[in-house]
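Encoded as structure tokens, the structure appears first; notes follow it.
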Amino acid sequence: MSDATRCRVCGRELTKDEIAVTKKLICRGAVSFLCVSCLAEHFQVEPEEIRERIAYFKSMGCTLFEK
Ligand SMILES: [Zn+2]
């Protein structure tokens, strides 16, 4: 069994970026997280838009994201 954090919707294993972007977009204190596809669905945008947000937050030096 893996203790990796999984998407609360589809159960896919999450990357650190997905966990960080969930915190940024939904709630900093979030305890359950969504993958890029489910975040896109949640906000009714294209997954590409979520990836752009990740890139943007990283470029801003957001501390939630690993360098
Ligand atoms: Zn998902």
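The values are calculated or read from the model by the stated rules, or taken from the named source; none is laboratory data. Only a predicted model underlies this, so the values are computations on that prediction, with no experimental measurement involved. In this analysis, Cβ positions are derived from the backbone assuming ideal geometry, glycine residues included, and neighbour counts consider all displayed protein chains.
Of the numbered conditions (1) modelled with pLDDT under 95; (2) loosely packed, with under 12 Cβ neighbours inside 10 Å, GLU48 satisfies every one except a single condition; which is it? Just one mismatch for GLU48, condition (1).
Listed by first and then second residue, the pairs with beta-carbon distance under 7 Å, at least 6 apart or on different chains, first residue in the range 40-67 and in a helix (DSSP H, G or I), second charged (D, E, K, R), are ALA40/GLU46; ALA40/GLU49; ILE54/ASP17; PHE57/LYS24. Collect the residues in the range 1-27 that are among the charged types (D, E, K, R), within 14 Å of the ligand (Cβ to nearest atom) and exposed (fewer than 15 other Cβ atoms within 10 Å of the Cβ), keeping them in residue-number order. Result: GLU13, single match. Could you run through the range 3-27 and say how many residues are without any contact (Cβ under 8 Å) to a residue 24 or more places away in the chain, part of a loop (DSSP other than H, G, I, E, B) and of a type in the set (Ser, Thr, Tyr)? Qualifying residue count, the range 3-27: 1. Counting just the residues of the range 28-39 that are part of a loop (DSSP other than H, G, I, E, B) and either surrounded by fewer than 14 Cβ atoms within 10 Å (Cβ to Cβ) or in contact (Cβ under 8 Å) with a residue 12 or more places away in the chain (or both), which one comes out nearest to the ligand (Cβ to nearest atom)? Within the range 28-39, the match that is nearest to the ligand (Cβ to nearest atom) is CYS35.
Against the condition in contact with a Leu (Cβ under 7 Å, 6 or more places away or on another chain) and at pLDDT 90 or above, how does LYS58 come out, does it pass? It is false that LYS58 is in contact with a Leu (Cβ under 7 Å, 6 or more places away or on another chain) and at pLDDT 90 or above.
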